[in-house]
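The numbers here are math on the coordinates, done by the rules we state, and not lab data. All values reported here derive from a predicted model rather than from experimental measurement. When we count neighbours, we look across all protein chains shown, and the Cβ atoms used for this are built from the backbone with ideal geometry, even at glycine.
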Amino acid sequence: MGLINASCGNPETDSGQPAGKMYHIACKTWFTSTGNLRPLSFKFEGDDGGIHTVSDLTVHYSEDKRYSGIPSKEYGCEAVIGGVRREFRLIFFCEACIWVMMG
């Protein structure tokens with residue numbers, strides 16, 4: 001069984017720490033035949049302690065980043081969360097295979 005290519009580039013510039021409040025998420029992701037990834041939906045624990053599901057996700061851009069030296073893939077997204085349309089970023093930390101939402 002081979003390793004999955006998460007298609008994270010290796011940008012030379014470091015973007016420091018991601019700005020905003022970080023929520024760890026469980027993300028349903030589509031991996032294309034060429035190894036590119038695209039978030040489809042996700043779940044997270046909100047500030048109210050409830051589990052929220054976001055399924056109608058619009059991705060406006062994706063960009064290879066390096067946060068504190070860690071190769072990452074950032075997605076600029078928009079979706080309805082808690083009845084309100086919001087813009088946010090999803091970040092995939094390639095080496096750890098961890099997704100977070102920055103709000």
Compactness index (Cα Rg / 2.2 N^0.38 Å), the stretch 22-102:
1.07
Which aspartates and glutamates, on any chain, are close to K21 with Cα under 14 Å apart, when same-chain ones fewer than 8 places away are left out?
E45, D47, E87
Using Cβ counts within 10 Å as a stand-in for footprinting exposure, how do R38, R85, R66 rank, fewest first?
R85, R38, R66
Calculate, in nm to one decimal, what A96 and T58 gain on full extension: separation in residues at 0.36 nm each, minus their alpha carbon distance.
11.2 nm
Would you work out the relative contact order for the chain, in percent, from Cα pairs under 8 angstrom that are 6 or more residues apart?
28
Residue range of the chain that is longest and free of GluC sites (Glu not before Pro) which are both DSSP loop and sparsely packed (at most 12 other C-beta within 10 Å)
13-94
R38 neighbourhood, Cβ < 11 Å, K/R = +1, D/E = -1, net charge +2
Rank these for me by crowding, W30, W99, going from fewest to most other beta carbons within 10 Å.
W30, W99
By count of other Cβ within 10 Å, fewest leading, how are I51, I81 ordered?
I51, I81
Placed amide H near S41: partners under 5 Å, 5+ positions off or other chain:
K28
Give me the one-decimal nm value for the distance between modelled label points at I70 and L40, 7 Å along each residue's Cα-to-Cβ direction.
2.6
Using the Karplus curve 6.51 cos²θ - 1.76 cosθ + 1.60 with θ = phi - 60°, work out ³J(HN,Hα) for each residue of the stretch 33-50 in order, rounded to whole Hz, and write x for Gly and Pro.
5, 9, x, 6, 10, 9, x, 9, 7, 7, 10, 8, 8, x, 4, 7, x, x
